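Asker: One structure coming up, written as structure tokens, with questions to follow.
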Amino acid sequence: MPRLPRSLQPGFCYHITVRCNNREFRLVRFECRKVLLYAMQKAIDKYGFKLYALCLMSNHVHYLLEPKQPQDLPKIMHWLNWYTAMCFNKLLNRTGHFWEKRYHSTGFLTSDKRRALNTLRYIHGNPKAANMQTGWFYDYSNYGTYDRLTNDGMTQWHPAFLALGTMLEACAAAYRKFCKQYRPQPKPEKKHRWGSKLLARMKLERQPQKRSPGQMHLWNDWEIPDEIHQVAAKFVLANCYDPKMAGVQFDDLVRSNEVRGDARCQVTEARNADSS
């Protein structure tokens with residue numbers, strides 16, 4: 001049965017979800033997360049789209065973006081998924097599909113403020129809904145740019161957020177209050193599929209994986225280029241709860257006075273905002 005064509009319309013923004021193949025937790029490595037942020041920055045430079053929200057989880061990623069032209073969306077996602085899959089397969093020393101099936105997209109008018117705010121809150125609330133943390137600040141989502149009005153060098157505020165008040169501080173306060181009212185809906189229980197009970201009683205003997213003498217595991221000897229470090233550091237330090245702690249991931253850059261000074265300012269603002 002052929003796939004249904006995507007609904008691509010002008011003036012729309014799109015909530016995109018992509019998931020790792022077999023729902024495996026392939027994005028827990030800091031190296032993979034840094035590469036994905038760098039790839040997103042390259043995609044923005046290449047296609048010029050607006051990125052309103054981003055949340056990088058352990059086995060899937062959420063985006064809220066608005067392409068320049070509706071027809072650009074497939075090009076953006078094809079390039080982004082291709083680039084990251086090639087990088088991740090090399091880093092993880094694996095082959096085959098990295099992302100599971102094609103990306104899921106839901107579009108709505110950018111001027112639909114209610115839909116936009118609910119989508120922003122849903123994306124930013126993913127780590128909280130998954131019980132990964134109790135607060136809203138997360139190293140790999142851009143909630144911090146909305147709450148603390150920071151600049152992560154990659155995302156920008158949605159027009160619905162800017163309509164929450166006459167000043168940026170009022171918009172941030174209104175959005176913070178809106179997020180605190182969020183109550184994630186529980187996920188439906190898993191349904192038993194055909195053969196699930198029968199196959200559960202079977203024990204498969206797994207053969208040990210063979211490794212050719214010429215293969216090299218890249219995690220120990222691969223050095224991330226400074227360009228990737230800089231893009232990831234700017235994003236994480238602008239959005240995390242405690243930039244001083246999060247900066248441990250970027251030891252080389254945190255040694256510089258500029259990044260360290262920003263971290264001191266941001267950690268104070270983060271603690272004050274989260275305790276209010």
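Bear in mind that the values in this text are calculations on the coordinates, not laboratory data. Owing to the predicted nature of the structure, the values given are computational and were not obtained by experimental measurement. Here the Cβ positions follow ideal geometry from the backbone for every residue, glycine too, while neighbour counts run over all protein chains shown.
Asker: At a 10 angstrom cut-off on C-beta neighbours, averaged per residue, how do the peptides 3-14, 119-130, 236-247 rank from highest to lowest?
Answerer: 236-247, 119-130, 3-14
Asker: Let me ask something additional. Per-residue HN-Hα couplings for the stretch 111-116, Karplus 6.51 cos²θ - 1.76 cosθ + 1.60 at θ = phi - 60°, whole Hz, x for Gly and Pro?
Answerer: Each residue of the stretch 111-116 in turn: 7, 7, 5, 5, 5, 5 Hz.
Asker: How many nm separate the modelled label positions at THR106 and LYS90, each set 7 Å beyond the Cα in the direction of the Cβ?
Answerer: 3.6
Asker: Modelled label-to-label distance, TYR182 and GLU169, 7 Å Cα→beta-carbon offset: nm?
Answerer: Roughly 2.5 nm, to one decimal.
Asker: Quick check: pseudo-label points 7 Å beyond the Cα along Cα→Cβ at ASP226 and LEU162, how many nm apart are they?
Answerer: Each label point lies 7 Å from its Cα, and together they span 3.4 nm.
Asker: Sketch the reach of a paramagnetic label on GLN69 as a point 7 Å from Cα along Cα-to-Cβ, and name the residues of the stretch 1-28 whose backbone nitrogen lies under 20 Å away.
Answerer: Once the point is set 7 Å along Cα→Cβ of GLN69, 5-14 turn out to lie under 20 Å by backbone N, inside the stretch 1-28.
Asker: Here is a follow-up. Show me 143-151, 174-182 ranked by packing, highest mean number of other Cβ atoms within 10 Å first.
Answerer: Numbers: 143-151: 21.4, 174-182: 14.4.
Peptide ranking by packing, descending: 143-151, 174-182.
Asker: Next question. For a protection proxy built on the mean count of beta-carbon atoms within 10 angstrom, sort 24-32, 37-45 highest first, please.
Answerer: Numbers: 24-32: 16.2, 37-45: 19.3.
In descending order of packing, they fall as 37-45, 24-32.
Asker: Now for a different question. Going by C-beta contacts inside 10 Å, put TRP157, TRP79 in order with the fewest on the left.
Answerer: So the residues, fewest neighbours to most, are TRP79, TRP157.
Asker: Looking at the stretch 76-117, which trypsin sites (Lys or Arg not before Pro) are in a loop (DSSP not H, G, I, E or B) and have at most 15 other Cβ atoms within 10 Å?
Answerer: ARG94, LYS101, ARG102
Asker: Once you've got the Cα coordinates, tell me which of LYS113/LYS177; LYS50/LYS180; LYS34/LYS234; LYS46/LYS113; LYS128/LYS234 are over 18 Å apart. Walk me through the numbers before you get to the answer.
Answerer: Working: LYS113/LYS177 16 Å; LYS50/LYS180 26 Å; LYS34/LYS234 11 Å; LYS46/LYS113 28 Å; LYS128/LYS234 23 Å.
Check vs 18 Å cut-off fails for LYS50/LYS180; LYS46/LYS113; LYS128/LYS234.
Asker: For a quick check: with amide H placed at 1.01 Å from N, whose amide H comes under 5 Å from ASP139's, ignoring anything fewer than 5 positions away on the same chain?
Answerer: Those qualifying (amide H under 5 Å, at least 5 residues apart or on another chain) are TYR241.
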